[in-house]
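Everything on this sheet refers to the single structure shown next.
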Amino acid sequence: IFVTPPRGTPTAVVEDVLDLGRSGTRSPVVLQPMRMLRELVAEFDADTPGRIVLEAQDAQATLEFDPQQLRRVIVNLLGNAQRFASGGPGAIRISLRGGPRLRELAVANDGPLVAPTLRTQIFEPFFTTDSRGTGLGLAVTYGIIREHAGQIRVESAVGRGTTFRLEFPAVRKEVNVT
């Protein structure tokens, strides 16, 4: 189990700033992300059970990624989703597509529209539209995904909310799954 400091604390902000400057400090392994996702859903959904829904085409799907960095990415995306989503059941959705290799992980919320003009800016360091944010979470997330040869896209529509889609490359080698 990896412990991530609560978002917005001085420790978390310092870690975000340090992560922006790090490059190539990853240790990817082939892993099944469902266990980590279930733990994070339980943690983030503790106060409002049922607010977060987790769906997977293949719960055993694997991904080649640094586990600590994957956790950081998901914590950042869930933190943002939690901040902007309604309080209703299923307001936040995590979906996994692909199997046996995970191709996409999406975190969606039913919150307000992200304007088209902001969709590229939100990945820039220190850019934020929220007075409670630091503007580092999505910049760090973007960097981590790119370091793992992945892509991140944001989609947003009135009445449908906002979705962050993480697209992953094929697993490059067969190794033991953790």
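So what J values fall out for segment 76-89 if you push phi through Karplus, 6.51 cos²θ - 1.76 cosθ + 1.60 with θ = phi - 60°, rounded to Hz, Gly and Pro as x?
Here the 3J(HN,Hα) series is 4, 5, 5, x, 5, 4, 4, 5, 9, 7, 6, x, x, x Hz.
Work out the FRET efficiency for Arg160 and Arg101 from their Cβ-Cβ distance, taking R0 = 30 Å, and round it to the nearest 0.05.
Working: r = 28 Å, r/R0 = 0.92.
Calculated transfer efficiency: 0.60.
If you count, for each residue, the other Cβ atoms within 10 Å and average over each peptide, how do 89-97, 70-78, 102-110 line up from highest to lowest?
Per-residue Cβ counts within 10 Å, averaged per peptide and sorted highest first, yield 70-78, 102-110, 89-97.
Starting from the Cα-Cα distance between Asp130 and Gln68, subtract it from 0.36 nm times their residue separation and give me the gain in nm to one decimal.
Fully extending the segment from Asp130 to Gln68 adds 19.7 nm.
Which FRET efficiency value, to the nearest 0.05, do you get for Arg35 and Arg83 by plugging their Cβ-Cβ distance into 1/(1 + (r/R0)^6) with R0 = 25 Å?
Plugging the Cβ-Cβ distance into 1/(1 + (r/R0)^6) gives 0.50.
Tell me which residues come under 5 Å, amide H to amide H, from Leu54 once H is placed; ignore anything under 5 positions away on its chain.
Amide H neighbours of Leu54: Ile94.
Each reported figure results from applying straightforward, stated rules to the coordinates on display, with no laboratory input. Since this is a predicted model, take the numbers as computed values, not measurements. Cβ atoms come from the backbone with ideal geometry, glycine included; neighbour counts cover every protein chain shown.
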